[in-house]
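Working notes for the structure below.
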Amino acid sequence: LRASLRALNVLRESQRSDGAPCAPPWSIFLDSDAYLLPSTGPLDEIVAASGDGAAEADIILAKFRAAGRHGSGVQRINSGVFLFRANEAAAEALARWDAARHNECKSWSTRWPWEQRCIQDLIYGPGDGGNPPARQHNGSEQFLLGRATVHMAPQTVFNTPEGRYAKHLWAHSRATAGRDAQADSELRTLGLGGNTTAVHAAHRAELGRR
């Protein structure tokens, strides 16, 4: 999150040699277990697939396919992949999200689901939340976070292990081996080898010796 905020501010301040801004229309955050598919074109393709109204938003997050209880209440958002514009509204919203870990989201700073539960509380309201969307476009929901419009995209577009444009190989600690195996398979498909399982096994063995 903090890296995305720094990148956003760099993009906002970047200029061409003629002094005109050169920030791209959209940027994307990818967690360490997420990646764009080689077939993915410009990010505008993902925006177009994210539902009506997405192109006018400042931030695009993915909602769970079906909100459900995951030990910490109703989980509505996964923030492992999200898109954002290099504008002031998005910068303010990301800064608000980052700062919240020191105050109203402090209880989530050391436990799952970490920052994604924080952004959920900021958007939907604390606890299990229930804030109604500020806007709806043919079933797509949008919320306001400060001045930023946050669009909720279907999770299958870019934030699941089967994502159409970006895959997110999520897993909790008990499923690490399964995620490693899937990551290895994906890497081999891309022609990049695939030794995730071995690397993680060695890492876990090293931690066990300490």
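The values are calculated or read from the model by the stated rules, or taken from the named source; none is laboratory data. Note that the structure is a prediction, hence the values are computed from the model and not measured. All Cβ positions, even for glycine, are placed from backbone atoms using ideal geometry, and neighbour counts span all protein chains on display. Accessible surface areas use protein heavy atoms only, side chains included; no ligands, DNA or RNA. Shrake-Rupley method; radii C 1.70, N 1.55, O 1.52, S 1.80 Å.
For the reader, a short list of remarks on this structure follows.
- Scanning region 136-157 for residues that are hydrophobic (A, V, I, L, M, F, W, C), in contact with a Gly (Cβ under 9 Å, 6 or more places away or on another chain) and assigned to a strand (DSSP E or B) yields 152, 153.
- Number of the exception - residue 80 against (1) open to solvent by less than 20 Å² (accessible area, probe 1.4 Å); (2) at pLDDT 90 or above: (2)
- Hits in region 113-133 (condition: aromatic (Phe, Trp, Tyr) and either at pLDDT 80 or above or part of a loop (DSSP other than H, G, I, E, B) (or both)): 124
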